[in-house]
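The structure appears below as structure tokens.
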Amino acid sequence: MTRANPPPSDTADDEQAVRIEFDSGDKDWSQFWTLENTLQSIVEGSGFGEYDGNALALDCSCGALFLYGPDADVLLGLIRPYLQVATFMRNVVAFLSYGIEDQDGVRETTVR
């Protein structure tokens, strides 16, 4: 069961991140924009974090999604069902950071 509100974040050290990388090759990004809007609504509506945007290759070959909040596992759990049915995305990999990214000693994990 998911709580309606995340625990309060006292410090920036509580920030965790989820980066989703994927291959596409689909020149029509309309499915991506629909997915992006859905993910943003789900994450921000849950109160567990924020959707921070994307990075998309100009040749439409691949992309990435960026999310932040107090619990990377909860964030991935919220969006994973939508990623699993996004047929335009291939080779989807989630990178979870349990602390401020690029900081020494931050635990990271990869989920395929």
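The phi torsions of the stretch 40-46, fed into the Karplus equation with coefficients 6.51, -1.76 and 1.60 and a -60° offset, translate into couplings of 4, 5, 5, 5, 6, x, 6 Hz, rounded to whole numbers, with Gly and Pro shown as x.
What Kirkwood hydrodynamic radius do you get for the stretch 20-111 when you take the inverse of the mean 1/r over all pairs of distinct Cα atoms, in Å? The Cα-based Kirkwood calculation yields 13.7 Å. How large is the translational diffusion coefficient of the stretch 67-112 in µm² per second when you combine the Kirkwood radius over alpha carbon pairs with Stokes-Einstein at 25 °C and 0.890 mPa s? Answer, rounded: 210 µm²/s.
Since every read-out is calculated from the coordinates, none of them should be taken as a lab result. Source: prediction; values computed, not measured.
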